[in-house]
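Working notes for the structure below.
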Amino acid sequence: MQTPRPPDPESRRLRQDRHREKNWKRWGPYLPERQWGTVREDYSADGSCWEHFGHDQARSRAYRWGEDGLLGICDRECRLCFALALWNEQDPFLKERLFGLTNREGNHGEDCKELYYYLDATPTHSYLKALYKYPLAPFPYTELRQRNASQGSTKSEYEILDTGVFDRKGYADVQAEYAKASPNDILIRLTLTNCGDTSATLHVLPTLWFRNTWIWGCEHEGCTLKPSIRQFAPDTLETDHQTLGTFRFQTDGQPPFMFTENESNSVRLWGTPSYTGHFKDAFHEAVVNGRGNAVNPARIGTKAAAHYTLTLEPGQTTVIRCRLYSLDEAPQAAFGPQFDAVLLRRQQEADAYYRNISPASLSPDEQAVQRQAYAGLLWSQQFYHYSVKDWLQGDPDIAVPPPDRLHGRNANWPLLFNRDIVSMPDKWEYPWYAAWDLAFHMIAYAKLDPDFAKAQLILMLREWYMHPNGQIPAYEFALGDVNPPVHAWACWRVYQRELAEGRPDRLFLSRTFQKLLLNFTWWVN
């Protein structure tokens, strides 16, 4: 039996969250890196999800089942989202999400064409750090598509480094850090460095928005009123949501704010009139195309952004500070020395947590590899919403799928209802769970966050996930595909891990056993 590790602040937060004393996991890196091109957003007749909702539409078209953003966070129900938008004064549109090739565009299938790294994370998301490398020359969207289309499947993929775009004018390191002073008080520090050899102008738009649930008439959101974001003070936004409550978003300094609606630009997309004159892509129109009338002069909407315009000399670093907090957890002072002190303390607490869970036999380099691997797992937790019955039937007057859909993909899974935080294989290429991948993930989570590991394994066995015949859903492209029977093995391994530490959870085994028997019977049959 292993000697129990001494308590540390992150372990105490995990215990408080487990006992529901404090809701430490309410906010996290749950915002997907890609929502376009997914099965959930596909309302086509033939199931061509990559073509039905592509990257070019994503900046202008409101999503139905989720959201996406660049190095962002959201609450566990993906009601209020925060992410970055960038512009180097070279690209044809804002960089609001990661770019990649669709299944048919890539010579080896779908493929993300960006450089981004998940650097650090703790299980309660009390500290998060990630890095994105943004070219200061025009992003090679067309070149990546054309070269990969001409390569053929026998040749290597043509990657962004092959284009030389980072050598032309250099690039900016864009680092995002998040630290929680309390469960609903989140400090945001954005560190931007010009890694080129000439001065560069960079537009940075810390963006806050509500996932669009009001237009679809969703029955699963627990609210009937449209939320809002309005300007509260020269440096502060105030958000109001029926179930999330009131939050404020404060900036260090007084950058100008812009407001719009998280609504589809039907004029651009389909050439049809819209009931609102302010669309999801308004910030792109205002910043890139200079159309100031695209944003709402009334300074209210469901999407808002602060607009920083930075001129960075070679090697220069600039820091942007923001803070998102609920009214009942508002800080006495949003910024100042205490801001950096909280960030430093959370970093030190993350160090202490990983010292406790890392085997003493690992070298410092091996511990660093393990810690960043854990960061990849934690950043790949994602809000995932998919109600097959509603998806098959579509939404009246908005997104009505063709009748063929009722007999097509996943039609025999009408009872599946997913609306949870789920561990994903990858938040860009696989922004959907795969049951057997998840089972393997939980072996690593058993050491990192055993509560999450057990909850995820149980989740896949709940009656709103499992098929009535006992099958565990495979993945959204084909829920009925047969996965290797590894779920029982994963449950047993997670139990054994806690047993070795003197904390055997027999209740967890009993909660999984009956459903695993049903799944075994399905396999036998």
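Based on this model, can you work out whether Ala373 counts as without any contact (Cβ under 8 Å) to a residue 60 or more places away in the chain, surrounded by fewer than 15 Cβ atoms within 10 Å (Cβ to Cβ) and of a type in the set (Gly, Ala, Ser)?
On the way: without any contact (Cβ under 8 Å) to a residue 60 or more places away in the chain: no; surrounded by fewer than 15 Cβ atoms within 10 Å (Cβ to Cβ): yes; of a type in the set (Gly, Ala, Ser): yes.
When the stated conditions are applied, Ala373 does not pass them.
Would you be able to say whether some residue in the range 145-155 is in a strand (DSSP E or B) and open to solvent by less than 50 Å² (accessible area, probe 1.4 Å)?
No: zero hits.
With over 25 Å from Gly502 (Cα atoms), at pLDDT 95 or above and assigned to a helix (DSSP H, G or I) as the only criterion, which of Asp437, Asp451, Asp404 stands out?
Working: Asp451 fails: over 25 Å from Gly502 (Cα atoms); Asp404 fails: at pLDDT 95 or above.
Of the residues listed, the single one that is over 25 Å from Gly502 (Cα atoms), at pLDDT 95 or above and assigned to a helix (DSSP H, G or I) is Asp437.
Being polar (S, T, N, Q) and farther than 22 Å from Asp120 by Cα is the filter; apply it to the range 377-396 and report the residue that is least open to solvent (accessible area, probe 1.4 Å).
Top of the filtered list is Ser387.
Residues that are farther than 25 Å from His241 by Cβ and among the aliphatic types (A, V, I, L, M): list the strands (runs of 3 or more DSSP E) wholly contained in the range 11-130 that include at least 1 such residues.
80-87, 116-121
For Ala490, indicate whether it is part of a helix (DSSP H, G or I), at pLDDT 95 or above and aliphatic (A, V, I, L, M).
yes
Quickly run through the range 251-273 and pick out the residues that are more than 23 Å from the chain's Cα centre (by Cα), among the small types (Gly, Ala, Ser) and under 21 Å from Val287 (Cβ atoms).
Within the range 251-273, just Gly253 meets the criteria.
For Thr243, state whether it is among the β-branched types (Val, Ile, Thr) and more than 23 Å from His385 (Cβ to Cβ).
When the stated conditions are applied, Thr243 does not pass them.
Where residues in the range 425-465 are among the aromatic types (Phe, Trp, Tyr) and over 30 Å from Gly109 (Cα atoms), which of them is most open to solvent (accessible area, probe 1.4 Å)?
Ranking the candidates gives Trp464 first.
Mind listing whichever residues of the range 156-191 are crowded, with 21+ Cβ neighbours inside 10 Å and hydrophobic (A, V, I, L, M, F, W, C)?
Ala172, Val174, Ala176, Ala179, Ile186, Leu187, Ile188
Tell me which residues, restricted to the range 268-295, are in contact (Cβ under 8 Å) with a residue 12 or more places away in the chain and either open to solvent by 50 Å² or more (accessible area, probe 1.4 Å) or closer than 9 Å to Ser60 by Cα (or both).
The answer is Arg268, Leu269, Phe279, Lys280, Asp281, Ala282.
I'm checking my understanding of the structure. Among residues of the range 483-517 that are out of contact with any helix residue (DSSP H, G or I) (no Cβ under 7 Å at 6 or more places or on another chain) and open to solvent by less than 90 Å² (accessible area, probe 1.4 Å), which one is nearest to Val39 (Cα to Cα)?
Filtering the range 483-517 for residues that are out of contact with any helix residue (DSSP H, G or I) (no Cβ under 7 Å at 6 or more places or on another chain) and open to solvent by less than 90 Å² (accessible area, probe 1.4 Å), the one nearest to Val39 (Cα to Cα) comes out as Lys515.
The values are calculated or read from the model by the stated rules, or taken from the named source; none is laboratory data. Just so it is clear, the structure is predicted and the values come from calculations on it, not from any experiment. So basically every Cβ, Gly included, is an ideal-geometry build from the backbone, and we count neighbours across all protein chains shown. Accessible surface areas use protein heavy atoms only, side chains included; no ligands, DNA or RNA. Shrake-Rupley method; radii C 1.70, N 1.55, O 1.52, S 1.80 Å.
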